[in-house]
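Colleague: To start, I am sharing the structure in question, which I have written as structure tokens.
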Amino acid sequence: MEQNRSRTFINIGISSIIFIFIVLCLSVFALLSVNSARQSYASVQRNAEAVTAYYQADSKAQKWLHSLKQEGAVSEGILQQEFPISDSQTLSVAVDGETFELLSYQVINNEVLEIDDSLPVWQGEMEAVNP
């Protein structure tokens, strides 16, 4: 009788350990997926804010171009206007004053990006080996 009790206890113990391991694995996967979803949501929010800011600047630029065409020939030179998108970007629009031909319509980065080359990275050149 004692042998049957010990075998039953061992079988129940192993199945319980496996069940606990499975629950822990599923919990870890659930936490990882929630974290991934949170990061994706934050990325989408940043992207939506950037796109909204661009289209607000674009709308202001289109209104400016429309007002220039309403006024008629303003000047003989190049008319240029800048519309801020964010702290680091500006929408620059240039128009010919007589013909209202669009000369440039581009996003300009206000910040200068510096390349970090402090790590000694192999540049593809082989050093000569002296025997």
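Colleague: Contour minus end-to-end for I14 and L103, with contour as 0.36 nm per residue of separation and end-to-end as the Cα-Cα distance?
Modeller: 24.4 nm
Colleague: With r defined as the distance between the Cβ atoms of Y55 and S33 and R0 fixed at 30 Å, what FRET efficiency is calculated, to the nearest 0.05?
Modeller: Computed FRET efficiency for Y55 and S33 comes out at 0.40.
Colleague: Related question: Compute log10 of I(q)/I(0) for the range 59-131 with the Debye formula, placing one identical point scatterer on every Cα and leaving out solvent, at q = 0.14, 0.21, 0.27, 0.28 Å⁻¹, to two decimals.
Modeller: These q points yield log10 I(q)/I(0) values of -0.59, -0.93, -1.19, -1.24.
Colleague: Related question: Using a ≥ b ≥ c from the Cα gyration tensor of the chain (square roots of the eigenvalues), is it rounded, prolate or oblate, where a/c under 1.5 gives rounded and otherwise the larger of a/b and b/c decides, a/b for prolate?
Modeller: Cα axes put the chain in the oblate bin.
Colleague: Which order results if L102, L91 are arranged by neighbouring Cβ count within 10 Å, fewest first?
Modeller: Placing the least packed residue first, the sequence is L102, L91.
Colleague: Moving to a separate point now. Taking +1 at the Cβ of each Lys and Arg and -1 at the Cβ of each Asp and Glu, which of M126, S40, S88 sits farthest along the dipole of the chain towards its positive end, judged by Cα position relative to the Cα centre?
Modeller: Going by the Cα projections, it comes out as S40.
Colleague: Please report, in debye to the nearest 20, how large the charge dipole of the chain is about its Cα centre when each Lys and Arg carries +1 at its beta carbon and each Asp and Glu carries -1 there.
Modeller: In debye, rounded to 20, the chain gives about 1400.
Colleague: Then there is this: Let me have the 222 nm mean residue ellipticity of the chain computed from DSSP H runs of 4+ only, each contributing -39500 (n - 2.57), with the sum over all residues rounded to the nearest 500.
Modeller: -20500 deg cm²/dmol
Colleague: Any idea what angle helix 2-71 forms with the longest principal axis of the chain, computed on alpha-carbon atoms, 0 to 90 degrees, nearest 10?
Modeller: 0
Each value in this text was obtained by applying a stated rule to the coordinates, not by laboratory testing. Predicted, not measured: the structure shown is a model, and the values here were computed from it. Reconstructed Cβ throughout: ideal geometry from the backbone, glycine too, with neighbour counts over all protein chains shown.
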